[in-house]
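Novice: The structure under discussion is supplied below as structure tokens; questions concerning it will follow.
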Amino acid sequence: MRFTYYQGIRFIIEDQSNWAKKFKTFYYELYHEKKSINRQNKVQIFRRFARILSAGKMEEPKPYRNGSRGQLKKSKGLNLLLRLQKYKKEVLGFALMPQL
């Protein structure tokens, strides 16, 4: 995991976020798990990853407008969730491609 994602997870866990704790546990289990990755395991990994992210989206506050102009303001947790979702292949790459 890139250092910035790790910092973000640590910060969000300090804010008592349940999805971040689940993600950290999932990521460490995935890192220390040494079984062979086959097609079924990959599907299970992506499903668990998607469940954690969807739980996080429900837990994080909705974006809001600060004033009358500009973009909607998102929480740090929601920004991290969106980055994890956008770069899911890169985030899970070490588990899906053991040669990395």
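Novice: Residues being farther than 16 Å from Ile12 by Cα and either polar (S, T, N, Q) or surrounded by 13 or more Cβ atoms within 10 Å (Cβ to Cβ) (or both): count how many of those fall in the stretch 39-53.
Specialist: So the answer is 9.
Novice: Give me the pairs: first residue in the stretch 86-100 and open to solvent by 90 Å² or more (accessible area, probe 1.4 Å), second residue modelled with pLDDT under 85 and of a type in the set (Val, Ile, Thr), beta-carbon distance under 7 Å, and six or more apart or on different chains, which are they?
Specialist: Pro98/Ile37
Novice: Does any residue in the stretch 2-27 that is part of a helix (DSSP H, G or I) come within less than 7 Å, Cβ to Cβ, of a residue that is open to solvent by 70 Å² or more (accessible area, probe 1.4 Å) and at pLDDT 85 or above six or more places away or on a different chain, and which pairs are these?
Specialist: Ile13/Lys21; Asn18/Glu59; Trp19/Glu59; Phe26/Arg48
Novice: Is at least one residue of the stretch 74-84 modelled with pLDDT of 85 or more, charged (D, E, K, R) and within 14 Å of the chain's Cα centre (by Cα)?
Specialist: yes
Novice: Consider only pairs whose beta carbons are under 9 Å apart and that are at least six residues apart or on different chains; among these, list those whose first residue lies in the stretch 38-61 and is closer than 15 Å to Phe94 by Cα and modelled with pLDDT of 85 or more and whose second residue is of a type in the set (Lys, Arg) and assigned to a helix (DSSP H, G or I).
Specialist: Every condition considered, the pairs that remain are Phe46/Lys88; Phe49/Lys88.
Novice: A follow-up question, please. Here is a list of conditions, (1) modelled with pLDDT of 85 or more; (2) open to solvent by less than 70 Å² (accessible area, probe 1.4 Å), and Gly70 meets all of them except one; can you say which number that is?
Specialist: It is condition (1) that Gly70 fails.
The values are calculated or read from the model by the stated rules, or taken from the named source; none is laboratory data. Quick caveat, the model's predicted, so the values are computed rather than measured. All Cβ positions, even for glycine, are placed from backbone atoms using ideal geometry, and neighbour counts span all protein chains on display. When the accessible area is computed, the model is the full protein with side chains, heavy atoms only, and any ligands, DNA or RNA have been set aside. Shrake-Rupley method; radii C 1.70, N 1.55, O 1.52, S 1.80 Å.
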